[in-house]
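Shown next, in structure tokens, is the structure this report addresses.
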Amino acid sequence: MNRALQTIIIIIIFFLISASSIFASDIPFGKIVEKQTRVEKIYKNKFVTTLVVNAVYRNIEFREGYVHEYAKAYQLTKAEEDAMLTKEKSQDENEISFYFFAYTEEEKWNNFDKANPAWKIYLKDNKSNRLEPLSVKKFKLEPSLHFIYFPMVSQWMMGYEVSFPKNIDAANAKSLTIILTGFLGSAELTWEIK
């Protein structure tokens, strides 16, 4: 075998090995968060901030990236990481989920998890089908996750996990839009689905 042919074979093998190692988990998690985050604000009298909301779509790419980062940070075993990923994939098959961080002018208006909140939340697909949340749960981010992966979240914001049923229309939607509406105003946050 001549030297040129050996060089070509080595280059081909190198590219095959490189190409096979590119996975969703190799994308920096911060980039995934940035890609899946939408921000909206509502103002009163054009000057007073009534609502600031950052919503992060927890699609399968986000979930896989999160599990990978968590497993790295806490040195999980392969079995622990696989179990965590299986749970995330199962949730993704049954629901559409968002992390939702909100600041409101009055603290009492930041009550998305209550029975009669100041704001209603809906999810609309590109065919105008509208879903109500399955659940809205308040949570606190781990401090390290907050500062590293969610820098847009301030100390004045409350965190919520908002889940919607993943019916056939939502599963096949070309876009998803969260609608926030109430007496204080309304806002929409949209994700295009590939």
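Taking the beta-carbon count within 10 Å as an exposure proxy, list K166, K89, K194 from fewest neighbours to most.
Fewest to most other Cβ atoms nearby, the residues stand as K194, K89, K166.
Using just the Cα positions, wrap region 61-162 in a convex hull and report its mean projected area in square nanometres, one decimal place.
Computing the convex hull of the Cα atoms and averaging its projections yields 8.0 nm².
Taking all pairs of different Cα atoms in region 151-193, averaging 1/r and flipping that mean, what Kirkwood radius in angstroms comes out?
Over region 151-193, the inverse of the mean reciprocal pair distance is 12.9 Å.
Let me test this: with uniform point scatterers at the alpha carbons of region 41-82, what is the Debye-based log₁₀ I(q)/I(0) at q = 0.19, 0.28 1/Å?
-0.64, -0.91
Enumerate the calculated ³J(HN,Hα) couplings along region 175-186 in order (Karplus 6.51 cos²θ - 1.76 cosθ + 1.60, θ = phi - 60°), each rounded to whole Hz, writing x wherever the residue is Gly or Pro.
For region 175-186, the Karplus-derived couplings read 8, 10, 10, 8, 10, 10, 8, x, 5, 8, x, 8 Hz, x marking Gly and Pro.
Specify the longest stretch of the chain that does not include any exposed loop site, a site being one of the chymotrypsin sites (Phe, Trp or Tyr not before Pro) with a non-H, G, I, E, B DSSP assignment and at most 14 other Cβ atoms within 10 Å.
Formally, the longest exposed-site-free interval is 75-155.
Can you compute the helix-only [θ] at 222 nm over the chain? Use -39500 (n - 2.57) per DSSP H run of at least 4 residues, normalise by all residues, nearest 500 deg cm²/dmol.
Mean residue ellipticity at 222 nm (helix-derived): -10500 deg cm²/dmol.
Provide, as a two-decimal number, the C-alpha radius of gyration of region 119-174 over 2.2 N^0.38 Å, N being how many residues it has.
So region 119-174 has a normalised radius of gyration of 1.43.
GluC sites (Glu not before Pro) within region 32-113: which are DSSP loop residues with at most 16 other Cβ atoms inside 10 Å?
E105, E106
List, in the order given, every pair from K78/K174; K89/K140; K114/K140; K89/K124 whose Cα-Cα distance in the structure shown is over 28 Å.
In this structure, K78/K174 lie more than 28 Å apart at Cα.
To the nearest 10 degrees, how steep is helix 3-20 against the longest Cα principal axis of the chain, on a 0 to 90 scale?
Compared with the principal axis, the helix lies near 20 degrees.
Taking the chain as the reference, fit the longest principal axis to its C-alpha atoms, fit the long axis of helix 60-73 to the helix C-alpha atoms, and give the angle between the two in degrees, 0 to 90, nearest 10.
70 degrees
Based on alpha-carbon atoms only, what is the radius of gyration of the chain relative to the globular estimate 2.2 N^0.38 Å?
Cα-based Rg divided by the globular estimate yields 1.28.
Read-outs throughout are calculated quantities, based only on the coordinates presented, and are distinct from any laboratory measurement. What you see is a predicted model, and the numbers here were worked out from it, not measured in a lab. Positions of Cβ are backbone-derived with ideal geometry, glycine not excepted, and every protein chain shown enters the neighbour counts.
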